[in-house]
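Below is one structure; the comments refer to it alone.
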Amino acid sequence: MEIGSDETSNKKPKYRPTMEIPLFMLMFGVHLSGNVMMNILLYRTCLHVLNYPDSQCSELLYPGERSNETMELEAEVQQYLSMVTMMHSVSGAIVPTILSLFLGAWSDKYGRKPLIMWPLLGMSLTSYLLVGFAALNGLGPWWYLLTVIPFTFSGGYSALFTGSFCYMADISTEKDRSFRISLMEAGLLFGNVIGTLASPYLVRVLGNVPLLIVVASAYTLAYVYVLFWIKESVKKATQGSMRSLFDFSLIRDLVRTCVKKRPNKRRKILFLLTLSCALSVSFTNNNLDYLYTRNKLQWSLDIYSIYAVGYTITAVIGLILGVTVLQKMLKVNDIWLTMLSYVSSVAENVIKAFAVVSWHMYLSSSVSLFRGLAQPILRSILSKLLPVEDLAKIFTLQSVLNVTLPMLAPLVFNPLYSATLNVFPGSIYIVCAGINIITIFVLSAAKYYIWKYPSAPSAPEKPVKIPAELRPELSEPGNIKVDDDMTKL
């Protein structure tokens, strides 16, 4: 595989936006429509499944104080709806997980661009199905499951993020990779902010169906942008067929790359870092967060949208401060930064679990300022540890885990939320805090191996020998100084 881009040369590249824009459009659409779809599903579940009259079901969507009868009705609707959203998440995870086992190694030969284009096209088609679902008021909530089919069979988020992160690794240098990946993450976060902020206002001005048409247009523009603007980063990429995609030797290559023995304990380090990155995702997602605040704090869509925007803005600020101040200026090493991210997430989840008034939710956002650091920094560490020919395969495994775990999480979290809804709905956040604590221990083990077995980043697959003249103090036990980037992890 040859990586083709001016960015990979020694000459300092001229920055131009690449994946930041389509991923911004994607997240804009996801968060513009997410809670609107949840309101539609609440209403449809109440009306078509539980068979309550329209007058009572409509009260679920009214902002402001709700009567005890309405709150009891909402609890009943949420318990049923949590099963629908669980099935939607699981059905959307199975096929992308299988496809992603092939796609990473496949993209080494056939290019990164298809992995980006296919899911965006699938998301566009899914969004037009959602327009039809919203327009046909007679359809019950289970019809919602069918809308996920195009996005699922085009590779889903697994393929999209595998292609995106491999593409960014291809066109960036080791020196600026953390910055470029963080910039791409910022594009995702800003799309989140703008979409969430605009959602309650656009739905009042436009209505549900026109708003979903806007979302479909955003996805289509993202696809067109990639089609005409993004250049293939793999030199001599050939056009692959469906037969070439389902080549089981690709899975063998993926497994071989992930499990092969590496010098300086790098196999253990890669496993621990990949697991840490997978456990850094949100397991409650926006759906449960929204339902939780509706039930516990009686929030409307408008109030939740303001909170969600503030939540995302604090993550963006924390990401910028973490990369520019803590990492670049103060030279805080990467592993400590990721641990800071997980510690702040523990505090956030504990505060959310016991929140009884609205300001508790805002406090949880503030104390978790640096929660967004983990993903981009861990990906950057992995890219420094690996030779370039292994990046796509490891990023494939990482993307599969990062996308599949949140989609399968409803199998645990939705029944847990439903079972504890009237007792302690915050139990879902206690479980999340426990996962964060486990991740801190996993990272600690990775830090220990990196400290004890230092090696040059992206080195050849053989033990690194340090010339004697570069290690004058190695004769003293425990006093090791290695001048390479890995000592900063």
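The values are calculated or read from the model by the stated rules, or taken from the named source; none is laboratory data. Everything numeric in this text was worked out from a predicted model, so none of it was measured. Cβ sites come from the backbone with ideal geometry, for glycine too, and all protein chains shown count toward neighbours.
Failed condition for D170, given (1) surrounded by fewer than 18 Cβ atoms within 10 Å (Cβ to Cβ); (2) touching a residue at least 60 places away in the same chain (Cβ under 8 Å), with all others met?
Failing condition for D170: (1).
Among the residues of the range 414-423, are any surrounded by fewer than 21 Cβ atoms within 10 Å (Cβ to Cβ), among the β-branched types (V, I, T) and assigned to a helix (DSSP H, G or I)? Spell out the reasoning first.
Taking the range 414-423 first, the residues surrounded by fewer than 21 Cβ atoms within 10 Å (Cβ to Cβ) are 415-416, 418-423.
After this cut, where a residue has to be among the β-branched types (V, I, T) as well, the list is 420, 423.
When the remaining residues are screened for being assigned to a helix (DSSP H, G or I), the result is 420.
So far as the range 414-423 goes, yes, one or more of its residues are surrounded by fewer than 21 Cβ atoms within 10 Å (Cβ to Cβ), among the β-branched types (V, I, T) and assigned to a helix (DSSP H, G or I).
Are any residues in the range 406-417 of a type outside the set (F, W, Y) and at pLDDT 85 or above, and if so, which ones?
Within the range 406-417, V412, P415, L416 meet the criteria.
For the range 269-294, how many residues are part of a helix (DSSP H, G or I) and touching a Pro at 6+ places or on another chain (Cβ under 9 Å)?
Of the residues in the range 269-294, 5 are part of a helix (DSSP H, G or I) and touching a Pro at 6+ places or on another chain (Cβ under 9 Å).
Just a yes or no: is a residue in the range 209-221 over 14 Å from P22 (Cα atoms) and either in contact with a Cys (Cβ under 7 Å, 6 or more places away or on another chain) or outside any helix (DSSP H, G or I) (or both)?
no
Which residues, taken from the range 181-225, are over 14 Å from T314 (Cα atoms) and of a type in the set (D, E, K, R)?
Matches in the range 181-225: R204 only.
Going through the range 119-148 one residue at a time, which ones are surrounded by fewer than 24 Cβ atoms within 10 Å (Cβ to Cβ), more than 23 Å from Y80 (Cβ to Cβ) and touching a Leu at 6+ places or on another chain (Cβ under 8 Å)?
Passing the criteria: only V131.
Return yes or no: is L297 surrounded by 16 or more Cβ atoms within 10 Å (Cβ to Cβ) and farther than 19 Å from Y417 by Cβ?
no
Can you work out which of the residues in the range 19-31 that are crowded, with 21+ Cβ neighbours inside 10 Å and at pLDDT below 90 is nearest to T162 (Cα to Cα)?
So the residue we want is M19.
Kindly indicate which of V84, V77 is closer than 23 Å to A134 by Cα, in contact (Cβ under 8 Å) with a residue 40 or more places away in the chain and in contact with a helix residue (DSSP H, G or I) (Cβ under 7 Å, 6 or more places away or on another chain).
V84
Let's see how each residue does on (1) polar (S, T, N, Q); (2) in contact with a Ser or Thr (Cβ under 8 Å, 6 or more places away or on another chain):
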{"site": "T293", "(1), (2)": "yes, no"}
{"site": "K296", "(1), (2)": "no, no"}
{"site": "S300", "(1), (2)": "yes, no"}
{"site": "Y304", "(1), (2)": "no, yes"}
{"site": "V309", "(1), (2)": "no, yes"}
{"site": "T314", "(1), (2)": "yes, yes"}
{"site": "I317", "(1), (2)": "no, no"}
{"site": "V325", "(1), (2)": "no, no"}
{"site": "L330", "(1), (2)": "no, no"}
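Return the only residue of T162, T152 being under 30 Å from V49 (Cβ atoms), in contact with a helix residue (DSSP H, G or I) (Cβ under 6 Å, 6 or more places away or on another chain) and touching a residue at least 60 places away in the same chain (Cβ under 8 Å).
On the way: T162 fails: under 30 Å from V49 (Cβ atoms).
Just a single option satisfies the conditions, and that option is T152.
Would you check if L212 is among the hydrophobic types (A, V, I, L, M, F, W, C) and surrounded by 23 or more Cβ atoms within 10 Å (Cβ to Cβ)?
yes
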